[in-house]
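S.K.: This structure is in structure tokens; I'll ask about it shortly.
Bear in mind that the values in this text are calculations on the coordinates, not laboratory data. This is a predicted model, so every value here is computed, not measured. For neighbour counting, all protein chains shown are included, and Cβ atoms are generated from backbone atoms with ideal geometry for every residue, glycine included.
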Amino acid sequence: MATPVLWACFVVLAAGVVAYAQRHSQQDTHVLYERLGSDVTLPCGTAAWDTAVTWRVNGTDLEAAHLNGSQLVLEGLDLSHSGHYACYQGSSWHLRYQALLHVGMPPREPVLTCRSNSYPKGFYCSWHLPAPTFIPNTFNVTVLHGSRLLGCEKDPAPKNRCHIRYTHLFSTVKYKVTLTVTNALGHNSTAITFDEFTIVKPDPPENVVARPVPSSPRRLEVTWQTPSSWPDPESFPLKFFLRYRPLILDQWQHVELSDGTTHTITDAYAGKEYIIQVAAKDNEIGTWSDWSVAAHATPWTEEPRYLTTEAQAPETTTTTTTSFVPPPTTKICDPGEVGDGVGSPTGLLLTVTVTVTVTVTTIAATGLFI
Amino acid sequence: MLACLCTVLWHLPAVPALNRTGDPGPGPSIQKTYDLTRYLEHQLRSLAGTYLNYLGPPFNEPDFNPPRLSAEALPSATVDFNVWRSLNDHLRLAQNYQAYSHLLCYLRGLDRHAATAELRRSLAHFCTSLQGLLGSIAGVMAALGYPLPPQGAEPSWAPRPPHSDFLQKMDDFWLLKELQTWLWRSAKDFNRLKKKMQPSAAAVTLRLEAAASDL
């Protein structure tokens, strides 16, 4: 019984939906990309030129000054013009047109670099645009090895990088990498050509640690690890370059090491804090890596020997010797003399002795010795 | 005549350069061979620069990337990574030896039509060094008890028919390119052999006190 009623309801609803859709099909949001600095005229849909309309930008009304009849004129576009534009006709606010305007630039020639930090596994290429376009760009990379086209696997992140695997080693044929960048306003491209071995540059050594050497006031032991991105240090060994200087000086000292991941500095200034960095390079080909994260260390210094008696008198003289030798006493501590009442001068001398020692060790601790 | 010359050269490196008593093993001679490849690489850099300038553009342009045409004759250093890695010592040495034998042969042909006296001198000097490298490799093979590659084998190269001037220059270009690549590969080959023979390598320490920290 209720079925015909339901059907009627359904038909009415369908008709309403169709009518609504028909009405708004002319008001699908247009997406526009326009060049920075250019002029653009937006029509109010199919409305006649002399129709009374109201334009809104991001929900705010626009003054009539920008209008040419029912059309909106925007001159000298800048980034602030980007937004949602809508045109309403008459007092009924009938939406006739809407658009999303994106103001941007066509891409300039991109900057492309390729590097192999994982030789001989492969290399990666990364790129960037010298100036922003303000609109979405798509990048396409092609790699030619002689006449063979290779695939460049895009990284999920960062997204301006892709990887190529080496199929053969020791190739005489160059690689040519072409990058094309495209957006709604134009496109541009760049290409670089290189030999396999010229782009080899390892990552910096990892885990650079510098430690003082016990009982050696002029030594520092430095250890590091080959970068984890270098896949085969056995077959493709790295050599290292170490530089170090005390923090207070500007001049670096350098050591080149053809093997091993450890080195002992033997000419450090005693008591000075040092900054140490290491770089890596394939033994025969390519270029040096960037400098590693700096390690800091101070060479071992002798522990100051503290006396157990407490200091009472204020600090008196200062000396520059590291080890303190108490001055010879003129008074001999003769047990026979104690009873004479001569004990107190001796006691005073002892107090003075303690004070000077404390002063000396304070100087040593601040590292003023050179 | 050139074929005759090449056959003569083919037999020359057969005589091992070493005749030592109290042989400390192949280690030092591998090191010597490695050092020679580095030295030759350095020599080739200046030689190639001069020769390519003599050939003129486009050969001396850095981006020059021509397709490989009649290059089957030249011994190619290109190899699949896993194949290269798993080469046994004998094969590794033999491949190097054969490659340089061929390359030396071609190089002497290059000498023939090099224009300036200075260029001819540089080429002759390089050929002599390359000859030394061959002798060094032969010495290593002898020390390890490996036989030298068969002498009877005819080099795959045959007297070239008269080429156009441009094609001749292309051949010269690829010869130098192949030499460069082989020297770079040899360094890796001998480094690998060195590691196998000498497990504890001495660290070479060079102390440089530089005012600037640039590399």
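S.K.: Over all distinct Cα pairs, what is the inverse of the mean 1/r for region A:78-146, reported as the Kirkwood hydrodynamic radius in Å?
M.R.: Over region A:78-146, the inverse of the mean reciprocal pair distance is 16.5 Å.
S.K.: Moving on to the next point. Between residue A:209 and residue B:118, what is the spin-label point distance in nm, taking each point 7 Å from the Cα along the Cα→C-beta axis?
M.R.: 5.6
S.K.: Hey, another quick one. Mind checking the dipole of region A:111-194: about its Cα centre, +1 per Lys or Arg Cβ, -1 per Asp or Glu Cβ, Debye to the nearest 20?
M.R.: I would put it at about 200 debye.
S.K.: Can you put A:105, B:141 in order, fewest other beta carbons within 10 Å first?
M.R.: Fewest to most other Cβ atoms nearby, the residues stand as A:105, B:141.
S.K.: If region A:132-242 were replaced by its equivalent ellipsoid, with semi-axes equal to the square roots of 5 times the Cα gyration tensor eigenvalues, what would those be, largest first, whole Å?
M.R.: 40, 21, 11
S.K.: Given a Förster radius of 25 Å and the C-beta distance between residue B:127 and residue B:195 as r, what FRET efficiency does 1/(1 + (r/R0)^6) yield to the nearest 0.05?
M.R.: It comes to 0.25.
S.K.: Enumerate the whole-percent occupancy of each 5 Å bin, from 0 to the last occupied one, for all C-alpha pair distances of region A:111-194.
M.R.: The calculated distribution, bin by bin, is 3, 13, 26, 25, 16, 9, 5, 2, 0.
S.K.: Here's a follow-up. May I ask you to list the lysines whose Cα is less than 26 Å away from that of residue B:196, ignoring any residue fewer than eight positions away on the same chain?
M.R.: Within the straight-line cut-off, residue B:196 pairs with A:121, A:201, A:239, A:281, B:32, B:188.
S.K.: Whole-Hz ³J(HN,Hα) for each residue in region B:27-41, computed from phi via Karplus 6.51 cos²θ - 1.76 cosθ + 1.60 with θ = phi - 60°, x for glycine and proline: what do you get?
M.R.: Values per residue, Gly and Pro as x: x, x, 6, 5, 4, 4, 5, 4, 4, 4, 5, 5, 5, 5, 4 Hz.
S.K.: Find which of B:75, B:100, B:117 sits farthest along the positive direction of the dipole of region B:75-121, computed with +1 on the beta-carbon of Lys and Arg, -1 on that of Asp and Glu, about the Cα centre.
M.R.: Going by the charge dipole, the pick is B:117.
S.K.: So what's region A:206-297 giving for Cα Rg divided by 2.2 N^0.38 Å, two decimals?
M.R.: 1.10
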